[in-house]
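Worksheet for the structure shown next.
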Amino acid sequence: MQQLQFLGLIPARGGSKGIIKKCITPLINKPLIAYAIEEAKKSRYLSKIIVSTDDEDIASVSKEYGAEIPFKRPKELAQDDTPTLPVIQHALTRLMSQGYVPDYIVLLQPTSPLRNVTHIDAAIEKIIQTKADMIVSLCKVTQHPFWMRRMEGDKVFPFIETKNTYNRRQDLPELFRLNGAITVARREIIVEEKKKLDIRGFVMEEDVSVDVDTPMDLFIAQKMLEARKR
């Protein structure tokens, strides 16, 4: 049987606002994006690792750490409101025109520096075993929405209306949030934009689910990485 081809795709636009040039901002002793590239390179499954970027500095740093930059992302696909799907579709179209046709796309956001190769390979193995259309990484919520409140003026109301009353944390239904670390998807659903999908969850621990968007997130990630080394 022909070996499955898994593309590691790291999207990294240059116009971040919360942290300027976020993808290459230093985190301990290397740029943020280096964590994604280095862990992807350790994978047993990824046949190619590329960075999709519109920024020359990000491209240069990514090459230094071993990623491929087979094309430059157009500016219209690097805006604040650009969805992820057209970025993946653009990368696929360019690669397929060059003769590389992956079976699966493994999307690795560069803002998840605590995700490691064990997580990446386990998510890939889950999609192989389940034959699902997509795997998304999640972690358990720590701020449960059933305990959240909204305000109208100074009046307080439940955010979620329910007949149930939860007085203890252990009585709350188990809920998860997307952590953005890993998405594995079949090529066909990206190309054809299929709507009805078999999506499975890959649960990660909260302490490896930091998504760097603000300076505070960067500080937390640094402390977590330092603790891991100790």
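The values are calculated or read from the model by the stated rules, or taken from the named source; none is laboratory data. Note that the structure is a prediction, hence the values are computed from the model and not measured. Glycine gets a Cβ as well: all are built from the backbone with ideal geometry, and neighbour counts include every protein chain shown.
Please tell me if I58 is in contact with a Leu (Cβ under 9 Å, 6 or more places away or on another chain) and either buried (at least 16 other Cβ atoms within 10 Å of the Cβ) or free of Cβ contacts under 8 Å to residues at least 60 places away in the same chain (or both). No, not satisfied.
Scanning region 25-48 for residues that are surrounded by fewer than 23 Cβ atoms within 10 Å (Cβ to Cβ) and of a type in the set (V, I, T), we see that the one that is nearest to N116 (Cα to Cα) is I28. If the condition is being in contact with a helix residue (DSSP H, G or I) (Cβ under 9 Å, 6 or more places away or on another chain), in contact (Cβ under 8 Å) with a residue 60 or more places away in the chain and of a type outside the set (S, T, Y), then region 137-157 contributes C139, K140.
Report, by residue number, each residue of region 115-124 that is of a type outside the set (A, V, I, L, M) and touching a residue at least 12 places away in the same chain (Cβ under 8 Å). Outline the logic, then answer.
Within region 115-124, the first condition is being of a type outside the set (A, V, I, L, M), and the residues that meet it are 115-116, 118-119, 121.
Those that are of a type outside the set (A, V, I, L, M) and touching a residue at least 12 places away in the same chain (Cβ under 8 Å): R115, N116, H119, D121.
The residues of region 122-155 that are in contact with a Leu (Cβ under 9 Å, 6 or more places away or on another chain) and either part of a helix (DSSP H, G or I) or at pLDDT 95 or above (or both), listed by number, are I124, I128, A132, D133, M134, V136, S137, L138, C139, P145, F146, W147.
Somewhere in region 214-228, is a residue closer than 20 Å to A122 by Cα and among the hydrophobic types (A, V, I, L, M, F, W, C)?
The initial filter retains those residues of region 214-228 that are closer than 20 Å to A122 by Cα, namely none.
Checked against the condition, which is being closer than 20 Å to A122 by Cα and among the hydrophobic types (A, V, I, L, M, F, W, C), region 214-228 yields no hits at all.
Across region 197-210, the number of residues qualifying as surrounded by fewer than 17 Cβ atoms within 10 Å (Cβ to Cβ) and not in a strand (DSSP E or B) comes to 5. From the list K131, K163, K140, K155, the one residue that fits, being surrounded by fewer than 20 Cβ atoms within 10 Å (Cβ to Cβ), of a type outside the set (G, A, S) and within 24 Å of E206 (Cβ to Cβ), is K140. Any residue at all in region 89-106 that's within 17 Å of M204 (Cα to Cα) and surrounded by 14 or more Cβ atoms within 10 Å (Cβ to Cβ)? Yes, region 89-106 has at least one match.
Residue under question is A132, and the condition is that it be within 21 Å of the chain's Cα centre (by Cα), closer than 17 Å to E193 by Cα and touching a residue at least 40 places away in the same chain (Cβ under 8 Å); does it hold? In short, yes.
If I ask for residues that are in contact (Cβ under 8 Å) with a residue 60 or more places away in the chain and either under 19 Å from the mean Cα position of the chain (by Cα) or surrounded by fewer than 11 Cβ atoms within 10 Å (Cβ to Cβ) (or both), which ones from region 168-196 would you list?
N179, G180, A181, I182, T183, V184, A185, R186, R187, I190, E193
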